[in-house]
Each structure stands twice: as structure tokens, then as C-alpha cells.
Amino acid sequence: MSNSVNISDVLSFCDQLLNPADFKDYVPNGLQIAGREQISKIVSAVTASQPVIDQAVILGADLLLVHHGYFWKNEPPELTGMKKKRIKTLLEADINLVAYHLPLDFHPEVGNNAWLAELLGVEVEQRFGHANLAICGSMPESISVDELSKRLSQQLQRHPMAVGPMEKPLKRIGICSGAAEDMIAEAKSLGCDAFISGEISERTTHYAREEDIVYFSAGHHATERGGVRLLGDRLAAEFSLEHVFVDDNNPV
């Protein structure tokens, strides 16, 4: 049977764990929309989409915990259309919306990049890139492009796109979830044989081919499933709460 805890205690725990004040982010981290004060059930998801919100209502969530929340820098401020419907649904159901963006990419235990490294068997050696979000490490032994593609497919349930020198043996791997394809240059400067992120741009292919580094586009959504689920599990264990992860699958 689940416990009940004040939302302020949950937020304080997250602040201590994730240190969101250390990040200059594109979006507010923490409580974005206030709901009921007492929390007994958490629903987590990558993005606070309408299907996720609807499922949170059906499941009786008190808190919706996401990686991609609302109020992004430079987005239109008006509450109209899709944004109005989403926020209206949350307010009417009295559900708290809590979001952590860069802090949840960075964290060495519940972060997206640490999660990916563990899934793939990469031993983390150093950090790099914007806000030191990306990680660089080594495989126990060199593997082929095909083998790393298979691992990504098995772990993320999505076949990655790989570009670059396809016969190159891979041992030193860079990782940054989401839309971090332009960190490939820094990964190359650190001696990485491959760089894994979520999305790919037209220019990424040319860089990978000409600079002799393999790039894997493994899916923005797919590479960011782990962190928010791990954080939800951590909160559930800490406060004896119920936690359900909802996967509103996205092919991008």
C-alpha cells in the first residue's frame, strides 16, 4: 500500500539529488503546474503530451513527472490550442506537473546518459559538451558497428541510423541523449570512435564520413526514456509511493 507525502518534500528531495540551480536551462526545472499537496501516486513519462496527461488522469496520478515539460525559452506565451488543452486537463484533475530537463540528462545515477552507458556496457571516463552533459568512455573490447547497432536496437526497442566509416572497430564511445548531434566534433577531439545521440542533421553525415567517426542516431525519445523512469523509481522508494511509467512512443 502506498504512502502519502507533501509535494514540498518531493521537490526538496529532487533539488538535493539533481541540483537544478547549477544548470542554465531552456525551461524551468521543478514544479511547473501546482496540483494537490499530498502525493501518493506518481506517473512518469518522457514528455507531458496530451495522451500522457489523459493516462495520468485515468491512473489517478497526483504528480506527473516528465523530462520535457512546458514553458520553454522563446516559445509563444499564449495559452491557446494544444497548450491550453494540456494545462486545462492538468488543472481540472489537480495534478502536479514536475519536470527536469538538463539535470536529468547530467545526473551520474538517474541521468539519461549514465543510463545509456550502463545499458551498452560503456565504462564512463570523462564528461564533455554543453554543461558537461555528454559522457565518454570505453567498451571492454572493440566491437563492430553492426554489433553496437544491435545493442541499441535491443535496449531501446528502436533501430538506430548509423553513418560514417561502417567498417571501423569501436571501443571509445561518446554519448549524449536527445538532440546533441553537434557534439560529435568534441567527441572526435577526445578520441571517440563513435558518438551516440538521439537525432541527426544533414551535416552530421558529412562530418562522420570525413572525420572518421561513426555517428548513431538512436532516437530522441528512445534515448531519454531512462532518466525520468529511474527518478520516478527513486522517489517511489524514498517515500513509499506508487510509480507508473507511461510510454507515449515517438519514432523521432
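Derivation of every value follows stated rules applied to the coordinates shown; laboratory data play no part. Quick caveat, the model's predicted, so the values are computed rather than measured. Cβ coordinates were reconstructed from backbone atoms using ideal geometry, including for glycine residues, and neighbour counts include every protein chain displayed.
Summing charges over all other residues whose Cβ lies under 9 Å from the Cβ of Gly178, with Lys and Arg as +1 and Asp and Glu as -1, gives -3. By other beta-carbon atoms within 10 Å, ranking His220, His206 with the fewest at the front produces His206, His220. Pairs of Lys residues in the chain, spaced 8 or more positions apart or belonging to different chains, with C-alpha separations under 19 angstrom: 7 in total.
Across region 52-64, coupling constants 3J(HN,Hα) worked out from phi with the 6.51/-1.76/1.60 Karplus curve, θ = phi - 60°, read 5, 4, 4, 5, 4, 5, 4, 7, x, 5, 9, 9, 9 Hz, and Gly and Pro carry x.
How high is the relative contact order of region 107-223, in percent, counting Cα pairs under 8 Å that sit 6 or more residues apart? Value for region 107-223: 25 percent. With Cα atoms defining each centre, region 209-251 and region 50-111 are spaced 15 Å apart in the structure. The ranking of Lys83, Lys41, Lys88 from fewest to most other beta carbons within 10 Å of each one's beta carbon is Lys88, Lys83, Lys41. Can you give the log10 of the normalised intensity I(q)/I(0) at q = 0.08, 0.09, 0.10, 0.11 Å⁻¹, computed with Debye over equal Cα scatterers of the chain? Values returned for q = 0.08, 0.09, 0.10, 0.11 Å⁻¹ are -0.32, -0.41, -0.50, -0.60. Rounded if a/c is under 1.5, else prolate if a/b beats b/c, else oblate: with a ≥ b ≥ c from the C-alpha gyration tensor eigenvalues square-rooted, which is region 107-223? Rounded, since a/c falls under 1.5.
Compared with the dominant principal axis of the Cα atoms in the chain, helix 145-156 is inclined by about 10°. Applying the Karplus relation 6.51 cos²θ - 1.76 cosθ + 1.60 with θ = phi - 60° to region 31-39 yields 3J(HN,Hα) values of 6, 9, 9, 7, x, 5, 6, 8, 10 Hz, where x marks Gly and Pro. How far is helix 225-239 tilted off the main Cα axis of the chain, in degrees rounded to 10, range 0 to 90? Rounded to the nearest ten degrees, it is 40. Here region 5-100 has an Rg and Dmax of 12.9, 36 Å, counting Cα atoms alone.
Neighbour counts of C-beta atoms inside 10 Å place Leu79, Leu63, Leu17 in the sequence Leu79, Leu17, Leu63, starting with the fewest. To the nearest ten degrees, helix 81-93 and the longest principal axis of the Cα atoms of the chain are 50 degrees apart.
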